[in-house]
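Below you'll find the structure, written out as structure tokens, and then a few comments.
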Amino acid sequence: MVHKILKSKKLKKYIIIGKRWFDKVNGNTYHSTTVIDVDTNEQVAYSGVVYGYGDSWKQTGYDELKKLGLVKEEDRFNHELNHKRFIYVDAGYHNKRDL
């Protein structure tokens, strides 16, 4: 009988930090997202200023990782997997210059 030993691939973890800004003049909300690799403690992505309100900064962080080929589109709504590999930090509202 042959037994196969399966090596478990280490799950990459990322910190996704979202900062928001509200444009009082036009009534729009913008955000920026920074993504940090937990293992190396290095920034792997930055979105720049993007239109979007609420938790849309989380989606922007995922999109930045997808552009780099670090996550797959088909895993976008796999909440169990994403709960294990992403740490979300809502940095709240800031001045536009701080995004």
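A few remarks follow.
- Residue check, residue 75 of a type outside the set (Gly, Ala, Ser) and more than 21 Å from residue 30 (Cβ to Cβ): yes
- Scanning segment 63-74 for residues that are surrounded by fewer than 20 Cβ atoms within 10 Å (Cβ to Cβ) and in contact with a Ser or Thr (Cβ under 9 Å, 6 or more places away or on another chain) returns a single hit, 63.
- Filter result for residue 37 (at pLDDT 95 or above, closer than 21 Å to residue 87 by Cα, charged (D, E, K, R) and under 10 Å from the mean Cα position of the chain (by Cα)): no
- Segment 78-99 - residue that is within 30 Å of residue 25 (Cα to Cα) and among the aromatic types (Phe, Trp, Tyr) and, of those, farthest from the chain's Cα centre (by Cα): 93
- Residues that are of a type in the set (A, V, I, L, M, F, W, C), over 20 Å from residue 10 (Cβ atoms) and touching a residue at least 24 places away in the same chain (Cβ under 8 Å), drawn from segment 29-78: 49, 57
- Residues in segment 67-84 that are outside any loop (DSSP other than H, G, I, E, B) and either modelled with pLDDT under 95 or acidic (Asp, Glu) (or both): 73, 74, 75, 79, 80, 81, 82, 83, 84.
The values are calculated or read from the model by the stated rules, or taken from the named source; none is laboratory data. Please read these numbers as outputs of a predicted model, since none were measured by experiment. For neighbour counting, all protein chains shown are included, and Cβ atoms are generated from backbone atoms with ideal geometry for every residue, glycine included.
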